[in-house]
């Protein structure tokens with residue numbers, strides 16, 4: 001990457017060695033930032049863009065759109081002025097970062113208005129719903145249908161959600177693209193079950209998902225044709241094609257691994273057994289299900305390699321045209337097709353953009369893998385879908401990619417020597433080990449924050465499974481594609497299935513041997529996760545050995561905040577579940593009432609125990625938790641159900657009733673150094689996806 005000739009870095013003069021030379025610490029600082037400050041402007045802008053988008057989603061009230069646009073215009077003018085006037089590098093860095101923050105914030109506000117669609121305000125009785133099946137997802141109680149709404153009984157056209165998601169507990173007899181009629185109970189998308197947990201309500205808003213619910217009986221096919229809109233018709237046609245492709249792969253790849261094969265090729269996980277998905281998560285191989293850089297790299301790389309070898313066979317063409325350039329175009333088109341077929345998730349979009357940059361670099365004779373391609377991918381995803389910044393898929397995908405590219409750049413100068421010393425095969429294994437370790441370390445903070453657990457044998461599982469995926473599964477899938485025109489594609493798919501059976505065997509073995517999946521009893525606070533993200537940004541932006549020191553400046557406070565933050569002792573969710581810390585230091589989960597919540601990401605592996613006859617008691621380190629009708633202390637008049645906490649040797653710490661809990665969106669009890677903290681689970685926020693009730 002070449003620095004701009006007019007940038008401030010060329011105006012910085014370094015004192016000669018000897019008398020009057022700059023001190024060592026100043027030289028170290030200059031080495032870290034002189035190139036990073038100016039040459040890494042896309043990277044700085046990308047990270048600040050993420051910070052701005054995250055800030056938009058965390059503010060308590062919805063900002064005015066005109067104010068956001070005005071601030072963005074002002075920041076752009078200041079940046080242009082600074083580009084010509086400011087000669088101090090660090091100040092210019094701050095200007096770039098500030099512009100990125102304002103841009104990300106504004107992108108979030110604009111996107112929230114663009115996806116504005118009606119949302120069901122309260123639960124309904126069973127109503128007749130008509131619509132087209134836009135997709136089918138796996139669910140614990142049955143497949144979940146995503147329907148594009150045509151009409152809902154009792155709803156005016158302007159009040160109808162655009163999409164709804166329904167759990168279909170009966171046997172499913174309809175496919176994507178089909179027009180259906182269902183009797184369904186609808187309710188608003190639920191708020192998070194636990195404090196800081198995945199906000200499905202927010203994500204539903206950006207997916208224009210206006211209601212969730214369940215089908216009474218089963219959905220029946222209707223006679224109405226496809227929707228009239230071109231985009232809607234194309235979307236339904238693509239969903240139908242993906243579903244048919246997944247169904248074919250599921251059968252052709254074999255019963256044991258057919259669902260896994262269908263998920264890898266089409267992104268449709270509905271054919272995959274829940275125990276296999278849990279084994280992949282428990283063994284640290286769940287990243288195989290998220291179609292990302294690995295899959296896109298294999299597809300694009302194989303197509304590039306095969307096309308290049310075929311073109312070389314035509315000597316007149318090979319002598320006149322650089323064969324790598326038409327091969328790059330072919331690989332780019334194949335990657336685009338895979339993006340569309342796999343459902344275009346955030347990780348897949350990121351992988352495609354980076355692949356496009358890589359193949360574009362081949363076309364224009366530039367460096368293929370660099371931080372510039374990483375920054376371009378991040379900028380594109382955040383500008384198109386700023387809400388993805390808050391999702392674990394975005395965070396873990398870019399964390400792994402950024403750390404791997406930074407490691408690759410740091411080690412690239414020593415690669416030839418190390419490969420010569422170790423030999424090609426040991427060097428390949430050493431590279432695989434290094435890749436697995438770097439990716440695991442980079443994604444660990446985000447996995448701990450969102451899921452509160454790590455895979456204990458994840459490194460071993462990846463070392464065993466990745467060679468199978470790279471050298472057996474991928475060529476088998478490519479063989480299936482090449483044989484399909486001759487009617488022999490199922491042969492390649494069967495080989496593909498055999499290789500994935502081995503991967504599933506590895507996943508189940510490692511998941512079963514891992515003692516506890518390294519679950520941590522204390523949840524990571526958001527401030528710690530933000531500091532870990534800052535550490536990652538510093539590692540990828542800075543240069544030289546000093547980047548480790550900068551990373552420590554962010555990691556150490558993150559660890560301190562994590563270890564010293566108040567611990568969640570008790571949470572009574574609006575869904576009727578109670579999460580309480582046990583005497584052993586873990587968490588237990590009890591269901592006292594039925595509600596509308598979703599299963600949380602944190603503590604998702606806990607078994608749910610239902611309370612029998614009242615009163616129910618649970619002994620915790622904080623004291624005795626009791627659920628009763630009367631209340632063990634300070635009873636609330638007229639309450640149907642009451643929850644009390646009595647610390648050892650003390651009187652009742654608090655008593656709360658179910659009506660208040662359901663009204664406030666949950667109740668959390670934290671134990672800190674200064675004592676007890678009791679707070680409502682969902683504070684009223686005037687945001688598009690969570691309106692304050694009047």
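Rg/Rh for segment 422-469 to two decimals, with Rh computed the Kirkwood way over all alpha-carbon pairs. Please list the in-between numbers first.
Working: Rg = 12.5 Å, Rh = 11.7 Å.
In segment 422-469, Rg relative to Rh is 1.07.
For segment 264-381, go through all pairs of different Cα atoms, get the mean of 1/r, take its inverse, and jot down that Kirkwood value in Å.
Values: mean 1/r = 0.0646 Å⁻¹.
Over segment 264-381, the inverse of the mean reciprocal pair distance is 15.5 Å.
Please rank 359, 471, fewest neighbouring Cβ atoms within 10 Å first, as an exposure proxy. Could the numbers behind the result be given before it?
Values: 359 24, 471 11.
Taking fewest neighbouring Cβ atoms as first place, the list is 471, 359.
Beta-bridge orientation, segment 127-225: approximately 85 percent antiparallel, per DSSP, counting only bridges with both partners inside.
Viscosity 1.567 mPa s, temperature 4 °C: what is the translational diffusion coefficient of segment 169-295 from Stokes-Einstein with a Kirkwood Rh over Cα pairs, rounded to a whole number of µm²/s? Don't skip to the end; give the middle numbers.
Numbers: Rh = 17.3 Å.
Rounded to a whole number, D works out at 75 µm²/s.
Taking the Cβ-Cβ separation of residue 444 and residue 412 as r and a Förster radius of 22 Å, what is the calculated FRET efficiency to the nearest 0.05? Provide the component values of the computation, followed by the final result.
Numbers: r = 25 Å, r/R0 = 1.12.
After rounding, the FRET efficiency stands at 0.35.
Using a cut-off of under 16 Å, list every residue of segment 303-333 whose amide N is near the label point 7 Å from the Cα of residue 365 along the Cα-to-beta-carbon line. Only 320-326 fall inside the zone, counting backbone N under 16 Å.
Footprinting exposure proxy ranking of 158, 255, 387, fewest other C-beta atoms within 10 angstrom first, gives 158, 255, 387.
So for segment 46-122, what are the equivalent ellipsoid semi-axes in whole Å, largest first, each being the square root of 5 times an eigenvalue of the Cα gyration tensor? Write out the running numbers ahead of the final one.
Details: eigenvalues 181, 29, 14 Å².
For segment 46-122, the ellipsoid semi-axes come out as 30, 12, 8 Å.
Rounded to the nearest 0.05, the FRET efficiency derived from the C-beta distance between residue 674 and residue 110 at R0 = 41 Å is 0.50. Taking max minus min of the alpha-carbon positions on each principal axis, segment 57-207 gives extents of 68, 32, 31 Å, largest first.
Only counting other Cβ atoms within 10 Å, I'd like 56, 214, 498 sorted with the fewest neighbours first. Numbers along the way, then the final one.
On the way: 56 25, 214 19, 498 16.
Result, fewest neighbours first: 498, 214, 56.
What nm value, rounded to one decimal, do you get for the distance between residue 556 and residue 251 when each label is placed 7 Å out toward the C-beta? That separation, rounded to one decimal, is 6.3 nm. Give the shape of segment 145-243 as rounded, prolate or oblate, defined through the alpha-carbon gyration tensor: a ≥ b ≥ c are the square roots of its eigenvalues, a/c under 1.5 means rounded, and otherwise the shape is prolate if a/b is larger than b/c and oblate if not. Note, shape of segment 145-243 comes out prolate. The Cα center of segment 235-312 and the Cα center of segment 54-82 differ in position by 40 Å. Return the FRET efficiency for the residue pair residue 491, residue 66: r is the Cβ-Cβ distance, R0 is 56 Å, and the value is rounded to the nearest 0.05. With R0 = 56 Å, the Cβ-Cβ based efficiency is 0.35.
Here the extension length gained between residue 228 and residue 173 equals 17.4 nm, from 0.36 nm per residue of separation less the Cα-Cα distance.
Principal semi-axes of the equivalent ellipsoid, √(5λ) from the alpha carbon gyration tensor of segment 319-476, are 26, 24, 16 Å from largest down.
Bear in mind that the values in this text are calculations on the coordinates, not laboratory data. It should be emphasised that the depicted structure is a prediction, and the values quoted were computed from it without experimental measurement. In this analysis, Cβ positions are derived from the backbone assuming ideal geometry, glycine residues included, and neighbour counts consider all displayed protein chains.
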